[in-house]
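Encoded as C-alpha cells, the structure appears first; notes follow it.
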C-alpha cells in the first residue's frame, strides 16, 4: 500500500519538476498564453495519474482497515481525491480544446511543448 502511495507521490513530483522546467523555458522565451496553457495541460496529466495511484492506495488500505472510523476517513479521502481527479479531467479537456482552437487560428499555433505527459502518444 505504501509503495502504491509513494508511486503516486513520485509521479506528481516528477510531473511538477518537468512542468516547472517547461514553465521556465516558456517564460524565458516570452511565449503567449497558449504555451502556458500547454504547460498546465502537461502538469494536469501528471497530477491526474498521480491521484489515480493515491486513490488506488486508499482502496487497498480500506480493504484491510480494521475499524469503521478508519474506513470512514479513507472514504472521505477517496471522495476528495476522486473529486479532484474529476475537476482536473475537466480542466484538461478545457485546456486541450483551447489549444486545438488556437491551433486552428492562422499563425497562432500552440508552439513547441503543447504535447506530452503520461499516456500521451509520442513520449519516449
Item to check | Burial ranking of peptide ranges 22-32, 47-57 (average Cβ count within 10 Å, highest at the top) | outcome: 47-57, 22-32
Checklist outcome for this item: Distance in nm between residue 104 and residue 10 label points, each 7 Å along Cα→Cβ, equals 4.1
Checklist outcome for this item: Here the FRET efficiency for residue 87 versus residue 33, based on Cβ atoms and R0 = 22 Å and rounded to 0.05, is 0.60
Checklist entry - Any idea how far apart residue 94 and residue 52 come out in nm if each label point goes 7 Å out from Cα toward Cβ? => result 2.2
Checklist outcome for this item: Listed with the fewest Cβ neighbours within 10 Å leading, 46, 86 appear as 86, 46
Checklist outcome for this item: PRE zone check, label point 7 Å out along Cα-to-Cβ of residue 59, amide N under 19 Å, scope segment 1-21, hits 1-12
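Values quoted throughout were computed directly from the atomic coordinates according to the rules given, and no laboratory measurement underlies them. This one's a predicted model, so the numbers in the text were calculated from it and none came from an experiment. Note that we place each Cβ from the backbone using ideal geometry, even for glycine, and neighbour counts take in every protein chain shown.
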